[in-house]
Amino acid sequence: MTETPKKKLKLSSMKVDLDKEREGSWEPALDIDPDISWFVRSTNYGPFKTARDAVQIRLSRKHGNNVPDDVLAEEYGKLAVQHLLLGWEGLAEDDEITDIPYSPEKARDILTDPAYRLIRGSIYMAASRVGIGEAEFVGAGAKN
C-alpha cells in the first residue's frame, strides 16, 4: 500500500514583507466593513514597539494591573497616530457622504477618545496584518 503524499508548506510564502511593515500598506477594516481601509504600518515596526514598551512600563508603574480605560485610550491612540496610522478611506461624518480627510490631528481626536475603541481596535488589527502574505503549499491536494 502506498502512502498519499501530504502537502507541504512553501517556506518562501512565510516571509513577511519588511518594506510594507516599515512603509505601510492599505488594509481593509475586516472587522467593520471591507470598504473601509486603513493605511497602516505593522505593529512589528521597530519605533512603534519601542514606544509601546515604554508606555506599558510607565503605565504599569503608575497603575499596576488596573489602568483606567480612558488612560489606555489616550496612550494607545497616541501610539497609533504617531507610529501606525498613515491614512484612511471610507470614514464620513454622521449623515455626510464625503470622506473625512485624514490628518494626524483628526486621527488623534478619534483614536484617543475612549468611545471610539472599535476604530482604534480595527486599526491595530489591520496593523497586525501588514506585510503578511497567504500561506502557500506544494504537493498533494495543495491549493496555490
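Of note:
- Among the residues examined, N66 qualifies as over 17 Å from the mean Cα position of the chain (by Cα) and not small (G, A, S).
- Residue within the range 49-65 that is closer than 30 Å to G139 by Cβ and polar (S, T, N, Q) present: no
- Residues that are closer than 15 Å to E74 by Cα and either part of a loop (DSSP other than H, G, I, E, B) or open to solvent by 60 Å² or more (accessible area, probe 1.4 Å) (or both), drawn from the range 115-142: A115, Y116, R117, L118
- Within the range 80-96, tally of residues that are under 16 Å from E23 (Cα atoms) and not small (G, A, S): 7
- Checking each residue of the range 124-136 against the condition of being modelled with pLDDT under 95, in contact with a strand residue (DSSP E or B) (Cβ under 8 Å, 6 or more places away or on another chain) and at negative phi gives at least one match.
The values are calculated or read from the model by the stated rules, or taken from the named source; none is laboratory data. Note that the structure is predicted; figures quoted are calculated from it, not measured. We place every Cβ from the backbone using ideal geometry, glycine too, and count neighbours over all the protein chains shown. Only protein heavy atoms, including side chains, enter the accessible area calculation; ligands, DNA and RNA are left aside. Shrake-Rupley method; radii C 1.70, N 1.55, O 1.52, S 1.80 Å.
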